[in-house]
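For reference, the structure discussed in these notes is given below.
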Amino acid sequence: MDLLHHLRVFQQVADCGGFTRAAALLGLAPSSVSAAIRQLEAHLGVQLFLRSTRRVRLSGDGELLRTRCEALLAEADGIGQMFRAGERPAGLLRVEVPARMARRLVAPALPGFLAEYPDVRLDLGGSDRLSDLVGDGIDCVLRVGPVRDVDLVARPLGRLRQITCAAPALLARCSGGLDLDSVAELPAVHFCHAPTGRPEPWAFRTARGTVERPMRGRIAVANAETYIACALAGLGAIQVPRYDVADLLADGRLVEVLPAHPPPSLPATVLFPARQRASRLLRVFTDWLQALIAPHAEP
């Protein structure tokens, strides 16, 4: 029996919580996955999964195996990579990137990456949702903003410069100039990942440090495209990465607000499961992402 193969099958079923999804991600027939699990259970002399007509969940012994399995598979992959160091990266990488960043930054640069690595294939998802990497079979995800995934490996790529901006028509309705004391009078579009999320105060940099201002606004969105569209419609000011609205600033459709007090920069981070740590393909791709982001990040 190929123990490593069977352990990989076990790990995928445990991650996905079911045989059908695991089989699809492994490129195997569901019957082959079921057979591999039965063979592994017979080899170990324990029941690894509790099965019912509606769900599959790990048994106590399955939980014990899972705690050891991930580290073992990562080590095995590392050994394989060590002796293939001279080979060009190859294979499929499943990646999740925020939708607007995928459209404006990543996708336009991908032809160069794929030309340099002709044996690499990418499954590129563009979404603002907080992905379940393990359950969805995703190899890595790029996130902008604070990271809360404590069970994943995080690789910082840099901190994106931000800007506060609004449509000229909205600013024309504001009497007098804006400063840190009056900016809270400016209507704002709030960005919330959850539709019912409570809007947070906006932050501005000053010579004495960062200050916060509670911003009022009647519109809250959970999508970057909609966020910028609302600003263009004059519904409120927004705070976004500068690169994302550079063309809109250049043609005057948006105007920077309080340029002397920009918002704090946003961290850009790649997250991936620990077992992907040894992947040369992942390392090459994240190096490329870091170089792609560098011109738009703080020194």
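The values are calculated or read from the model by the stated rules, or taken from the named source; none is laboratory data. Please read all numbers here as calculations on a predicted model, not as lab measurements. Backbone-built Cβ (ideal geometry, glycine too); neighbour counts: all protein chains shown.
General remarks:
- Qualifying residue in region 132-140 (condition: closer than 18 Å to Gln290 by Cα, outside the structural domain of Leu235 (by TED's automatic domain parsing) and either among the β-branched types (Val, Ile, Thr) or at pLDDT below 95 (or both)): yes
- Once region 220-239 is narrowed to residues that are more than 25 Å from the chain's Cα centre (by Cα) and more than 16 Å from Val183 (Cβ to Cβ), the residue that is surrounded by the most Cβ atoms within 10 Å (Cβ to Cβ) is Leu235.
- From Val56, Val46, residue being within 31 Å of the chain's Cα centre (by Cα) and either assigned by TED's automatic domain parsing to the domain that holds Asp136 or surrounded by 14 or more Cβ atoms within 10 Å (Cβ to Cβ) (or both): Val56
- Residue list for region 219-257, filter: out of contact with any strand residue (DSSP E or B) (no Cβ under 9 Å at 6 or more places or on another chain) and of a type in the set (Lys, Arg): Arg253
- Of all residues in region 1-23 being aliphatic (A, V, I, L, M) and touching a residue at least 12 places away in the same chain (Cβ under 8 Å), the one that is surrounded by the fewest Cβ atoms within 10 Å (Cβ to Cβ): Met1
- Applying the criterion of being more than 18 Å from Val255 (Cα to Cα) and of a type in the set (D, E, K, R) to the residues of region 172-204, the residue that is modelled with the highest pLDDT is Asp181.
- Looking only at region 145-171, and only at residues there that are under 12 Å from the mean Cα position of the chain (by Cα) and assigned to a loop (DSSP other than H, G, I, E, B), the one that is nearest to Ile228 (Cα to Cα): Gly145
- Annotation note: of Leu254, Leu271, Leu282, the sole residue that is touching a helix residue (DSSP H, G or I) at 6+ places or on another chain (Cβ under 6 Å) and modelled with pLDDT under 95 is Leu282.
- The single condition from (1) modelled with pLDDT of 85 or more; (2) over 22 Å from Pro273 (Cα atoms) that Leu48 fails is (2).
- If you check Leu92, Leu124, Leu105, Leu157 for being modelled with pLDDT of 90 or more and surrounded by fewer than 18 Cβ atoms within 10 Å (Cβ to Cβ), only one passes: Leu124.
- So Val284, is it among the β-branched types (Val, Ile, Thr), surrounded by fewer than 21 Cβ atoms within 10 Å (Cβ to Cβ), over 16 Å from the mean Cα position of the chain (by Cα) and closer than 23 Å to Glu212 by Cβ: no
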